[in-house]
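Undergrad: Structure provided below as structure tokens; questions to follow.
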Amino acid sequence: MEIKVKIDAEGLEAAIHTLAQVLGNFDYPVSLPEAQKDEDPVGKETSEPKQEAPKEETPPVQEEKKEEPDQKSNFTIDSITSKTREFIQADNANRKKLKNFLQEKDVDKVSNLPEKHYDEYMAFIEENMQ
């Protein structure tokens, strides 16, 4: 018998990866069998010093500063996704309108929309809500 489970949850993969990294550096209060005591724990660095190649000193490169003011939105990604769900559930034609809007912004999904477009996006949703 084979059971397959597919979970479609945005951000879950990144959260699991972060959790694995944190747990990889955690000392567990467990006793290992004698055969495993000689082995190095997985995810732990050995105490041997690593030899690094000599670093060449380079002058710091000054980054070009963009003359664009930081635009902060009054909306959060949670409010954006909540409103998006309402918008799509209100009418199936809204899905196509949403895709067209996202294509204009060169993004494939709402969660990839830059924060500077949040206000414009919410205005679009309000205008097209039926």
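The values are calculated or read from the model by the stated rules, or taken from the named source; none is laboratory data. No experiment lies behind these values; they were computed from the predicted model shown. Note: ideal-geometry Cβ built from the backbone for every residue, glycine included; neighbour counts use all protein chains shown.
Undergrad: Quickly run through segment 1-20 and pick out the residues that are surrounded by 10 or more Cβ atoms within 10 Å (Cβ to Cβ) and part of a loop (DSSP other than H, G, I, E, B).
TA: 10, the sole residue that qualifies.
Undergrad: Something else now. Residue check, residue 118 against (1) surrounded by fewer than 14 Cβ atoms within 10 Å (Cβ to Cβ); (2) over 19 Å from residue 9 (Cα atoms); (3) at pLDDT 85 or above, all met but one. Which one?
TA: Every condition holds for residue 118 apart from (1).
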